[in-house]
Amino acid sequence: MWVHRRPGWYLKESAATDESAYLNRRELVAAIAAGPILLASGGALAQRATDDPSAKLYPVKRNEKFTLDRPLTDEKEATTYNNFYEFGSHKTISKAAQDLKIRPWTLSIGGLVEKPMQIGIDELLAKMPLEERLYRHRCVEAWAMAVPWSGFPLKALVDLAKPLGSAKYVTMTTFMDPAMAPGQKQFWYPWPYVEGLTMAEATNDLAFIATGIYGKPMPRQNGAPLRLATPWKYGFKSVKSIAKLDFSEQRPATFWETVQASEYGFWANVNPSIPHPRWSQESERMLGTNERVPTKLFNGYGEQVADLYKGLEKERLWA
Ligand code: MTE
């Protein structure tokens, strides 16, 4: 089916936070580049019973250092309004994502490390210091939530990986299995989903690998069994269902940066005074209540992370 798209300047500011429209736009940009597309037909997939062997580990103890200035988002909202393009480029992928096979799950660690390794998810969970943290999450599309993640500091995983002194970046890559995740058949996207951080960002206290949410194992749609949480950055940095960790000297080409570098960059730090090319970032809509609240610099985490960017002022830190 051929589709026609109005030019970007046609969009009214008020349309910017209508995510379904936004996503259609994003898909259309790709579709125009790619030629005809078939729209995936909906179709309810049976929700699998909770079959996560890590369920016994939760709930984990809350780390009171990480508190919120706003109420927690309703669990149902946070687990049924998702971005997970591997399962569809719309928000209601929670049923389709039940096809994600979470066992066996192996994390491969390689690149500039003392010794490459592979570790099974349950062995990894047994080694890591699990705790709960209350974090904000700010999507680049201007919706936001506040959730209790369970998991462990990314630094603990970096320590386990033993990177060499020459490593400057860590890249995190999602699984690749188009038969299981039909979104990965959309050839105009550069699958698999890849994200990266500098070593200083990755070892900052706030960088967190989430393995659960609301005192339970991570639901598939939220990125089971391992997903990144970097709350001072736009949500597209928080890569889901991580299967590979790579340490390198070169900055990785990340997923959205490859799709549209003018709109989504490597750094992606939250800044209300730098608009997205097509909409304002001054405020955000809370999932569930639809309340609009002002967006804060670094999503309110400046005290913990602003120093990471000293001397990098020439970089596009906010896109
Ligand atoms: N990770 C993968 N593998 N695929 C995705 O499509 N979407 C990102 C991020 N991580 C995405 C991903 C975006 S745009 C956001 S806002 C968050 O996941 C959404 O996380 P949530 O669904 O748990 O709210």
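The values are calculated or read from the model by the stated rules, or taken from the named source; none is laboratory data. Note that this is a predicted model, so its numbers are computed, not measured. A quick note on method: Cβ atoms are made from the backbone with ideal geometry, for glycine too, and the neighbour counts reach across all protein chains shown. Quick note on the areas: whole protein, heavy atoms, side chains included, nothing else; ligands and nucleic acids left out. Shrake-Rupley method; radii C 1.70, N 1.55, O 1.52, S 1.80 Å.
With a simple spin-label model that places each label point 7 Å from the Cα along the Cα-to-Cβ direction, the separation between residue 122 and residue 176 comes to 2.8 nm. Highest average first, the peptides 234-242, 265-273 ordered by how many other beta carbon atoms sit within 10 Å of their residues are 234-242, 265-273. Taking the centroid of alpha carbons for each part, region 275-319 and region 241-265 are 19 Å apart. Listed values for region 285-302 are Karplus-derived 3J(HN,Hα) couplings in whole Hz (6.51 cos²θ - 1.76 cosθ + 1.60, θ = phi - 60°), namely 9, 6, 4, x, 8, 6, 5, 9, 10, x, 7, 9, 4, 6, 6, x, 10, x, and x replaces Gly and Pro. Rolling a 1.4 Å probe across the protein heavy atoms gives region 13-309 an accessible surface of 41 Å² per residue.
Please compare each pair in 61/310; 61/244; 115/296; 65/233 to a cut-off of 30 Å on the Cα-Cα distance and tell me which ones are over it. If you can, show how the numbers build up before the last one.
Working: 61/310 34 Å; 61/244 27 Å; 115/296 41 Å; 65/233 19 Å.
Flagged as over cut-off: 61/310; 115/296.
For region 13-309, the carbon plus sulfur part of the accessible surface works out to 55%, probe radius 1.4 Å. A Cβ-based charge dipole, computed about the Cα centre of region 13-309 with Lys and Arg at +1 and Asp and Glu at -1, lands at about 420 debye.
DSSP loop (so not H, G, I, E, B), at most 11 other Cβ within 10 Å: list which GluC sites (Glu not before Pro) in region 189-286 pass both filters. Show your work: numbers first, answer last.
Details: sites: 195, 201, 249, 257, 263, 282, 284; in loops: 249, 263, 282.
Sites meeting the loop and neighbour criteria: 249.
Placing +1 on each Lys and Arg Cβ and -1 on each Asp and Glu Cβ, with no other charges, gives region 133-181 a dipole about its Cα centre of roughly 260 debye. Remark: region 48-173 carries a charge dipole of roughly 200 debye about the Cα centre, counting +1 on each Lys and Arg Cβ and -1 on each Asp and Glu Cβ. The lysines within cross-link reach of residue 91, meaning a Cα-to-Cα straight distance under 19 Å and a gap of 8 or more places when in the same chain, are 76, 185, 237, 240.
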